[in-house]
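Visitor: So that we are looking at the same thing, I have put the structure below in structure tokens.
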Amino acid sequence: MLNSSFYYSKWPFCCTAVRIYLYICTALYPLISGAIILSSDKFYISDLTLPIHIALLCFIAAEDIITMTIPDFFNALLFFNGITLHLITSGLLIAIKSALSSIIIFVFMYVFVLLTGNKIGGGDIKTISASAAYSGLKNTLYALSAAFFSAAFFCIFILLFSKEKRLRKE
């Protein structure tokens with residue numbers, strides 16, 4: 001497994017340039033979306049939460065790809081973005097329900113990681129559970145199952161079409 005010092009020692013300029021590019025793009029995304037939403041006839045503050053949520057997920061992906069760590073600050077922003085959305089649009093009871101769904105997903109993923117031998121990092125668990133505050137329990141479980149199935153198909157594809165010769169024990 002590669003660590004972040006490998007990336008910075010081999011390609012320091014490339015990683016910095018990629019990080020800056022991703023940060024600029026994801027920072028501009030909610031601003032452009034907000035300008036489009038504000039220029040429309042009807043404006044609701046909840047319309048801005050999806051672009052902000054997508055931008056935060058892009059920031060997290062950039063940090064995870066480059067440094068293999070996910071800052072807790074981004075996860076906290078994801079969580080509070082989801083709670084704020086439900087608090088504004090649906091009230092306190094739905095906001096509490098979304099916070100509880102986030103806790104349920106965290107416990108589920110933590111147990112899953114313990115059973116599978118720590119194949120998923122702690123930052124990934126926090127990101128998934130923080131996103132559950134936005135999308136809810138059912139949609140998060142749908143997204144997790146879709147992610148697992150797509151990863152399985154990707155691994156099967158790699159195993160079938162890999163050009164490496166595998167030695168078999170006889």
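The values are calculated or read from the model by the stated rules, or taken from the named source; none is laboratory data. Just so it is clear, the structure is predicted and the values come from calculations on it, not from any experiment. No Cβ is skipped: glycine too gets one built from the backbone with ideal geometry, and neighbour counts run over all protein chains shown. Each accessible area value is taken on the protein alone, full model and side chains, heavy atoms only, with ligands, DNA and RNA left out. Shrake-Rupley method; radii C 1.70, N 1.55, O 1.52, S 1.80 Å.
Visitor: Can you pull out every residue in the range 27-77 that is at pLDDT below 70 and either of a type in the set (Gly, Ala, Ser) or under 12 Å from the mean Cα position of the chain (by Cα) (or both)?
Guide: Of all residues in the range 27-77, those at pLDDT below 70 come to 27-48.
Once the filter is applied, which keeps residues that are at pLDDT below 70 and either of a type in the set (Gly, Ala, Ser) or under 12 Å from the mean Cα position of the chain (by Cα) (or both), the range 27-77 yields 27, 33, 34, 35, 39, 40, 46.
Visitor: Which pairs turn up if I take residues in the range 111-131 that are closer than 17 Å to residue 98 by Cβ and look for partners that are open to solvent by 40 Å² or more (accessible area, probe 1.4 Å) and of a type in the set (A, V, I, L, M, F, W, C) with beta carbon separation below 6 Å, at least 6 apart in sequence or on another chain?
Guide: Short answer, once both residue conditions are applied: 129/106; 130/79.
Visitor: May I ask you to list pairs of residues, at least six apart or on different chains, whose Cβ atoms are under 9 Å apart, with the first in the range 141-162 being under 21 Å from residue 128 (Cα atoms) and part of a helix (DSSP H, G or I) and the second being hydrophobic (A, V, I, L, M, F, W, C) and open to solvent by 70 Å² or more (accessible area, probe 1.4 Å)?
Guide: If the second residue must be hydrophobic (A, V, I, L, M, F, W, C) and open to solvent by 70 Å² or more (accessible area, probe 1.4 Å), the pairs left are 141/108; 144/108.
Visitor: Any idea how many residues of the range 101-139 are more than 17 Å from residue 61 (Cα to Cα), open to solvent by 20 Å² or more (accessible area, probe 1.4 Å), assigned to a helix (DSSP H, G or I) and not small (Gly, Ala, Ser)?
Guide: Selection size over the range 101-139: 15.
Visitor: How many of the residues in the range 78-100 are over 14 Å from residue 125 (Cα atoms), open to solvent by less than 70 Å² (accessible area, probe 1.4 Å) and touching a residue at least 12 places away in the same chain (Cβ under 8 Å)? Can you show your working first?
Guide: Of the range 78-100, the ones over 14 Å from residue 125 (Cα atoms) are 80-100.
Imposing the further condition that a residue be open to solvent by less than 70 Å² (accessible area, probe 1.4 Å) reduces the set to 81-86, 90-91, 94-95, 98-99.
Remaining after also requiring touching a residue at least 12 places away in the same chain (Cβ under 8 Å): 81-86, 95, 98-99.
Total satisfying the criteria: 9.
Visitor: Still on this structure: Among the numbered conditions (1) open to solvent by less than 50 Å² (accessible area, probe 1.4 Å); (2) at negative phi, tell me where residue 72 comes up short.
Guide: (1)
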